[in-house]
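For reference, the structure discussed in these notes is given below.
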Amino acid sequence: MRRLVPLLTPLAGMAALVLSLSACGSGDSGGSGSTIKVGFIESLTGNYAPLGGEAKKTVDLAVEQINTAGGINGRKLELTTLDDKTAPDQGVLHFNKLKSQGVAAVIGSTFSNVGLAVEPLAERAKIPYISLAPADEQVDPVRKYTFVVPAISSRYAEALLQYFQAHRISKVAVAYDTKSAYSKAGFAGMQRYAGQYGVQIVKTEPYETTATDFSPVFTHVRGSGAQALVAWASGAPGVTLAKQYAGARLGIPLVMTASQATKLWLEPVGTASEGVYVQSAIGVVEEFLPDGKLKQAVREMSVPFRTKYGYAPPQFAMDGYAGVKLLAAAIEKAGEPDRDKIRDALETLTLVTPCGKYTYSAKDHSGLRPTDISMNQVKSGKLVPVPWSRTQLAKTAAAAG
């Protein structure tokens, strides 16, 4: 709360009033009049544009739904969207611009490298940052103002290892992108938890985002004794690796992470995707969820999304929608668009979204668990939860209410 300045003279009182109004304009209140200013930084051009574009669709959808319903505590969201061009330096420039515009909070980029560049700025500026990127480093250790929407990479790693343990897969090979914060964090998570689940990483194959030939990776994995190959990839490498894997004939399953839980991967990979295992957020496999609060949360997004775009919302769409809903719930709980009050509300927030049931706390700014992740297999060009995951999904849905 701003301290009151004693009124010594009429002139001093006028000066204090002007300073007070100027401070409000600088962004402490996150909005004025009938709106609440919110910033959104996303990769709308560059390598991550296909992913960021899906998130933008549902961020816009969630904002539209909230505003059509009357806003938050009677005030509508005023969204400013800026393109980071899949470049961390652009994310930094845009954050500073949004800061100067006085936003109450910023929803961040799908690209983990941008998220890692923006997060320190959000901490210094004390602006709540709702990240759509899954890199662990944003919230491990916990940062005061940064909260992550998708399950972090190490959670996906744990979910993988739990699946392997349940299916007696004890030796795996791992390929990961050395230029992707998401991939590096996922590989690090597997290294950290593998022993806990009785899994040994028998072959590690690093590659770069620009890689176009994965035959050396497959050659090195062949004969390693691995019972599965896990590929941490996003964007073009995930497509290329999967297409080439079909012809490698290694005779072991290929397991991809949630970056491939989208038609942006399924369609270009085509028939080569058949039989590949792909993780996803729980909302991606909506039709396999039992009726209840969780499925309803997914349908509030998926029904209008399908109507407008003609296809089911993919992984990145889930994250964008959930990010807005989490922020809106925090603003409503805070009672006003005050940055510190929003931060405090986020840290004590429990909310069911298309990604699962979030439970943020002072010790956990990621909010989701491995049980909020589905292991699927591609069948006839569609992601279908494996039987083991169907059992888990039912339990997760029941726990959501």
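The values are calculated or read from the model by the stated rules, or taken from the named source; none is laboratory data. Bear in mind that the values here come from a model prediction, so they are computed numbers and not experimental data. Because the Cβ atoms are built from the backbone with ideal geometry, glycine has one as well, and the counts that use them run over all protein chains shown. Surface areas here come from the heavy atoms of the whole protein model, side chains and all, with no ligands, DNA or RNA. Shrake-Rupley method; radii C 1.70, N 1.55, O 1.52, S 1.80 Å.
Side notes on the structure shown:
- Shape call, segment 152-245: gyration tensor on alpha carbons, a/c limit 1.5: oblate
- Listed by chain and number, the aspartates and glutamates whose alpha-carbon sits under 16 Å from that of residue 333, ignoring those within fewer than 8 places in the same chain, are 344, 347.
- Residue list for segment 257-299, given a label point 7 angstrom along the Cα-to-Cβ vector of residue 390 and an amide N cut-off under 11 Å: 288-289
- A crude spin-label estimate for the pair residue 204 and residue 306, with each label 7 Å from Cα along the Cβ direction, gives 4.3 nm.
- Expressed as a whole percent, the proportion of Cα-Cα pairs in segment 70-132 lying more than 20 Å apart is 23%.
- The chain: C-alpha pair distances exceeding 30 Å, %: 40 percent
- With all pairs of different C-alpha atoms in the average, the Kirkwood value for the hydrodynamic radius of segment 101-190 is 14.0 Å.
- Measuring against 32 Å, Cα to Cα, the residue pairs 144/263; 56/382; 144/243; 99/295 contain 144/263; 144/243; 99/295 as the ones spanning a longer distance.
- Placing a label point 7 Å from the Cα of residue 274 along the Cα-to-Cβ direction, the residues of segment 371-389 whose backbone N falls under 14 Å from that point are 378-382.
- Fully extending the segment from residue 263 to residue 178 would add 28.1 nm, taking 0.36 nm per residue of separation and subtracting the current Cα-Cα distance.
- Radius of gyration (Cα atoms) of segment 232-316, expressed as a multiple of 2.2 N^0.38 Å: 1.22.
- Solvent exposure of segment 276-401 as accessible area per residue, Å², 1.4 Å probe: 38 Å²
- Expressed as a fraction of 2.2 N^0.38 Å, the value expected for a compact globular protein of N residues, the C-alpha radius of gyration of segment 29-148 is 1.01.
- The packing ranking of peptides 109-121, 316-328, 78-90, 47-59, highest mean first, is 316-328, 109-121, 47-59, 78-90, where packing means the average number of other beta carbon atoms within 10 angstrom of each residue.
- Candidate cross-link partners of residue 97 among the aspartates and glutamates, defined by an alpha-carbon separation under 19 Å and a same-chain spacing of 8 or more, comprise 28, 42, 78, 83, 84, 89, 119, 123, 338.
- The coefficient of translational diffusion for segment 255-392, derived via Stokes-Einstein from the alpha carbon Kirkwood radius under 10 °C and 1.306 mPa s, stands at 100 µm²/s.
- Carbon/sulfur fraction of accessible area - the chain, other protein chains in place, 1.4 Å, %: 54 percent
- Among 86, 66, 108 - extreme Cα towards positive end, dipole of segment 60-121, charges at beta-carbon: 66
- Within the listed set 343, 306, 143, the Gaussian network model of the chain (springs between alpha-carbon atoms below 10 Å) gives the highest mean-square fluctuation for 306.
- Exceeding the 28 Å Cα-Cα cut-off - candidates 126/293; 85/325; 203/363; 85/395: 126/293; 203/363; 85/395
- Shape category assigned to segment 107-153 from the gyration tensor of Cα positions, a/c cut at 1.5: prolate
- In the chain, helical runs assigned H by DSSP with n ≥ 4 each contribute -39500 (n - 2.57); averaged across all residues and rounded to the nearest 500, the mean residue ellipticity at 222 nm is -14000 deg cm²/dmol.
- Computed over segment 282-323, the Cα gyration tensor eigenvalues convert (square root of 5λ each) into semi-axes of 15, 12, 9 Å, ordered from largest to smallest.
- Selected from 248, 105, 133 as most flexible by GNM, with the chain as the system and alpha-carbon contacts under 10 Å: 248
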